[in-house]
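Have a look at the structure below, then the notes.
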Amino acid sequence: MQILSISLQNIKSHRDTELHFVKGINVLSGENGVGKSTIFEAIGYAMFGVDARDFVGNIERFITIGAKKGEISVTFATDDGENYRVSRGVGAGSKWLLARKIADGFEVEDHSGAAETEARIKELLKLKSGRALAEQYKLVIGPFQNEFLGPFVLRQPTKRQDAFDEILGIDAWRKTYSSTRTLLSTVRNRIEVLAVEIKGRQEQVDTLPEKKKELAALLREVAEWGKELAGKEKGLAGLEKTLAGLDEHEKKITSLKADCRVRENRIRDGEAKLVEQAKRVKESEQAICAQEKNKPGKEAYEAAEAALKTLREKEKRKREIEKDLNGLDREAARLAQSLAHETEETCKTGERLAVEEARLLKEHRELGGDRDPARIAARLAEARKEAEKLRSAGGLLEGRRAGLLEGREKLAEGVCPFFKEQCLNVAGKAPRDVFSTGIDELAREREALDKKLAEAGKEVAAAEKAAREMEAIKVRGEGIEKQLTNLAKEKVDNGTRRKSLAAIAREKEEAEKKAAARKEDLEPYKAINAEISKVEKQRDGNQAARDAFFANQKDARDLENRQRTMKDWAGLLEKIKAELAGKQQELAGLEKDYDPKRHAEVRVEKDRLVAGIATIRQKISGLDRDRLRLAGEIEKLNGIKAEIAAKAAEKKSCEAKEELVRFLRDRIFNSVSAQLSERFREEISFRADRIYRNIAETDEELYWGDKYRIVLRDMVAGELRERSDDQLSGGQTMSAVVALRLALLQTIGSRVAFFDEPTSNLDAARRENLAQAFRAIDVGREEVTEHWYDQLFLISHDVAFAEVTDQIISLE
């Protein structure tokens, strides 16, 4: 396995860094703060899944200042020659992706989440330990600079043992021993609970035989009561048959009595209704007589009503003519008023338009009279051009004057104004002034030019003013022409109004003619109101006779119907009387054959039998409840008996489990963890001791003691001396930890390792020896150890590593 390269984008001080690594030993060097440790942190973050907050308190501090996101990509090769690239972003929405190289590119593998990605990387790196990749990296493979000594120097033996047992993967045995203590206690408690439950249930089951005897006696008693109930029910059936006949006889008598009472009531009501109907017949006969008496008055009333209807129609036509006449009068008056008003308005409008037209024509003639502004405004472009030409000439004069002034100054200094160097022709001589005359001439020319420029400015100003005046005259002329156009339109409209006056006059004359014709139509209706009053008086005189006729009309018309109804009711009354006589005869025969006393005695006997039967049934029901209760209790006791058997079997099984758990705890779990720990410590101690001796060049033996305590052994005055913890110097501790860490890496199967400043606390000789030990491991020198790693990454400022490294990467 080999890490080929790493790429960092916006990670701490690395905005865009890419490094390539070789097999063997790779040393990162450079000044403090250039980001050497950041390379190790980036590999741990991207390849081993270490949390960025393990490096920095806030994840944003892992990103370059000013950037929002960062990304790390590590490319590595596996033992089978496959190349992979693992990349992981830093910041919001970051992902952890693993891609396999196919042809010239990388194809991302499809993983359901970070857990699956970690498992796949574990498989490729052949790190099968149950511990998470991040924990393996932080504790053994690439511990941070400030945690290099890690759990090796923990003072609490128990914590140190827990840490290394977990690293070596043997903590499961000890944890299992601890966890099975609860299991053993649970099994024992279950056995005790089962014993108590069996004892309690057995006491209940002991009552089962007595319950069965009680149930048998109860069943016999129920059978005896059942026989007695059957006898009483048979007697009750015969008695109910007799009682049914008597009840039917009594019912018929009661029904006949009710029928007789109904018919007697109907006869009384019928006789009363016949008397009332006779009165109504007499009323109808009297109504007919009254109608005959009032018939002439009623006919006279109706004749008057018909005449009034005709007169009302005529009155209606009269009102319509009057309405039309009023409308025509109003229309004629309106047209007369409109004609007078329109005549006056058109005259006034014609006079106003003539005055306005004359005024506008006069103003228009006055605008075109003065030609001077037009002539002056026409010279505006030419005047501006002449002024611009004069300003250009002034600029040329200023340039010439500046050149003459500079030449005069240079000449005074003895410098040639043309070649810009010391003039030998005037060396040691008083300079001759050849520029003053030219400057004075230019001043005179400038003065004359300024006068011309001032005159040109005045001419331009006058032309601009004239142009503005011409523009105002043009605008005013356009306004006058627009007003003249509007006046012409108003004159046309006024002429149209004058022509419409003749039409109004004709409409007025037509309305007056129609009004005269409608007045002639009113003449036939002058006496209509008198005629209406006369006919209304005749109608009112016959109103009482007409009202009396109609008041008696209903009763007169109902005479025949009332007589027929009276005849029908008399026949029905006779029929009811005959039915009543038959019913009374039948009732007398039934009462003769009926004995009420016997009927009452039979009812009493039936009630007595019903009460006795109910008592027996209640007794049997109570016995049935007791039977069901006993049957239920017996069934429940049988169930308890089965439960006792099941719990006894469970108790036996738990006792067997207790024996098995006790055997596993005492004989296996309690001893395997300690045995494995001792075996690993012996193996790692053997390898670490060879490395330590090579680094320290002493006869001290490095031994990884009980609970993973670092122990150094040597002989002093012929006696064995052991030192550990505070008895060791800083250099001894660092040398021992480096040796143990190298041996531990080989034991867990890691093919790559990272050491950040491993020479801290080491003197020069030990630093040199450590460098040689790394090279010895790399080549597999027998006196140190066999070759086991593919790559070793070091951060060091020590020149001792320069001779043994395969590549030095200098970070600037």
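For the stretch 43-119, the relative contact order comes to 22 percent (Cα pairs under 8 Å, sequence separation of at least 6). Counted residue by residue at 0.36 nm each, then reduced by the alpha carbon distance between them, the extension gain from A393 to E107 reaches 95.1 nm. Taking only protein heavy atoms and a 1.4 Å probe, the accessible area of the stretch 1-143 is 45% carbon and sulfur.
Amide H to amide H distances under 5 Å link L794 with N26, V27, L28, F755, where only residues 5 or more positions off or on other chains count and H is placed in the peptide plane. Centroid-to-centroid, using Cα positions, the stretch 499-570 and the stretch 51-95 are 114 Å apart.
In this simple spin-label approximation, M715 and E82 carry label points 7 Å from Cα along the Cα→Cβ vector, and these lie 5.5 nm apart.
Solvent-accessible area per residue in the chain equals 60 Å², computed with a 1.4 angstrom probe and all protein chains kept. A straight chain from E351 to K69 at 0.36 nm per residue would run longer than the Cα-Cα distance by 92.4 nm. With a Förster radius of 56 Å applied to the C-beta separation of V604 and E560, the computed FRET efficiency comes to 0.30. What's the FRET efficiency of I473 with A502 using the Cβ-Cβ distance as r and R₀ = 45 Å, to the nearest 0.05? About 0.50, to the nearest 0.05. For the stretch 153-169, 3J(HN,Hα) computed residue by residue from phi via the Karplus equation (6.51, -1.76, 1.60; θ = phi - 60°) reads 10, 4, 7, 7, x, 5, 5, 5, 5, 4, 5, 6, 4, 6, 4, 7, x Hz, glycine and proline entered as x. Exposed loop sites were defined as trypsin sites (Lys or Arg not before Pro) in DSSP loop states (anything but H, G, I, E or B) carrying at most 13 other C-beta atoms within 10 Å; in the chain the longest segment without such a site runs 527-812. How far is the Cα center of the stretch 247-323 from the Cα center of the stretch 220-238, in Å? The distance from the Cα centre of the stretch 247-323 to that of the stretch 220-238 comes to 75 Å. Remark: the K465-Q204 segment gains 80.5 nm on full extension, using 0.36 nm per residue and subtracting the alpha carbon distance. Measuring between their Cα centroids, the stretch 642-716 and the stretch 436-495 lie 117 Å from each other. DSSP bridge analysis restricted to the chain gives an antiparallel fraction near 75%, rounded to the nearest 5.
Between the labelled values (1) 16, 48, 30, 5, 0; (2) 16, 51, 28, 5, 0; (3) 8, 14, 8, 9, 13, 16, 20, 9, 2, 0, the entry that holds P(r) over Cα pairs in 20 Å bins from 0, in percent as derived from this structure is (3). Heavy-atom surface analysis with a 1.4 Å probe gives the stretch 660-708 a carbon and sulfur content of 48 percent of its accessible area. Helical runs (DSSP H, four residues minimum) scored at -39500 (n - 2.57) apiece and divided by the length of the chain put the mean residue ellipticity at 222 nm at -25000 deg cm²/dmol. Surface composition of the stretch 454-564: carbon plus sulfur atoms hold 51% of the accessible area, using a 1.4 angstrom probe and ignoring ligands, DNA and RNA.
Too long at a 28 Å Cα-Cα cut-off: which of K23/K138; K23/K122; K362/K489; K257/K597; K514/K537; K211/K232? Violating the 28 Å Cα-Cα cut-off are K514/K537; K211/K232.
Modelled this way, with points 7 Å down the Cα-to-C-beta line, the labels at K619 and K526 are 12.7 nm from one another. Where in the stretch 96-110 is the amide nitrogen less than 14 Å from a point lying 7 Å along the Cα-to-Cβ axis of S5? From the stretch 96-110, the list is 101, 104-106.
A simple spin-label model places the labels of W225 and A578 6.6 nm from each other, with each point 7 Å out along Cα-to-Cβ. Each Cα pair under 8 Å and six or more residues apart adds its separation to the average, and for the chain the resulting relative contact order is 26 percent. Of the GluC sites (Glu not before Pro) in the stretch 1-69, the ones in a loop by DSSP (not H, G, I, E or B) with at most 14 other beta carbons within 10 Å are E31.
The values are calculated or read from the model by the stated rules, or taken from the named source; none is laboratory data. Predicted model only: the values in this text are computed from it and were never measured. Because the Cβ atoms are built from the backbone with ideal geometry, glycine has one as well, and the counts that use them run over all protein chains shown. Heavy atoms of the whole protein, side chains included, go into the accessibility calculation; ligands, DNA and RNA do not. Shrake-Rupley method; radii C 1.70, N 1.55, O 1.52, S 1.80 Å.
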